[in-house]
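Okay, structure first, notes after.
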Amino acid sequence: MRPFYQLQATNLQNKLIDMSEYQGKVVLIVNTASKCGLTPQYEGLQKLYEQYQEKGLVILGFPCNQFRQQEPGDTKQISEGCLINYGVSFEMFEKIEVNGKNSHPIYQYLKSALPGILGNNIKWNFTKFLIGRDGKPLKRFAPTTKPAAIENFIKQALIEP
């Protein structure tokens, strides 16, 4: 089994989710923030999710407050903000850290598998990781890469067995 499928995270409903639940799916993981200039990307992410979920796309949002404290809310505020402001229906998880000694294991794994410009660190909110149906990390996208710009990568990953 791929390392990704051995990891877990707690969603906003306080339920522990095994990443193995997403075996056979294409997974897009994004560290999010509600008070960031890039927060409108939620809209584009939701659009991708609505367009491709039936074909096997899963989007997992991980709120993070490490970048200029742009995700100050608690679980309830994060959940309400995502739903009310952007109609988010993809899975959102509890607030985590993506950098440093308390970095969540999912992010430790992703940063190791797909280092970025800053090596094993996340540069900013809305860094995106695409994982293939086989659980293998495929590509890392910069925070400023808009969701629409990664659509072709998602389509290709959905085609591949």
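The values are calculated or read from the model by the stated rules, or taken from the named source; none is laboratory data. Please read these numbers as outputs of a predicted model, since none were measured by experiment. FYI the Cβ positions are ideal-geometry reconstructions off the backbone, even for glycines, and counts take in every protein chain you see.
Pairs linking a residue in the range 11-23 that is polar (S, T, N, Q) to a residue that is exposed (fewer than 14 other Cβ atoms within 10 Å of the Cβ) and part of a loop (DSSP other than H, G, I, E, B), with Cβ atoms under 8 Å and 6 or more positions apart or on different chains, are Ser20/Met1.
A count restricted to the range 146-155 and to residues that are in contact with a strand residue (DSSP E or B) (Cβ under 9 Å, 6 or more places away or on another chain) and either among the aromatic types (Phe, Trp, Tyr) or surrounded by fewer than 17 Cβ atoms within 10 Å (Cβ to Cβ) (or both) stands at 2.
Would you call Gln41 polar (S, T, N, Q) and surrounded by 19 or more Cβ atoms within 10 Å (Cβ to Cβ)? When the stated conditions are applied, Gln41 passes them. When residues in the range 89-123 are screened for being more than 12 Å from the chain's Cα centre (by Cα) and either on the phi > 0 side of the Ramachandran plot or assigned to a strand (DSSP E or B) (or both), 5 of them pass. Residues of the range 24-54 that are more than 16 Å from the chain's Cα centre (by Cα), at negative phi and not basic (Lys, Arg): Gly37, Gln51, Glu54.
Mind telling me which of the residues Lys155, Lys128, Lys55 ends up being at pLDDT 95 or above, among the charged types (D, E, K, R) and more than 23 Å from Ile17 (Cβ to Cβ)? Even if it seems obvious, please write down each step before you answer.
Numbers: Lys128 fails: more than 23 Å from Ile17 (Cβ to Cβ); Lys55 fails: more than 23 Å from Ile17 (Cβ to Cβ).
None of the other options fit; the residue is Lys155.
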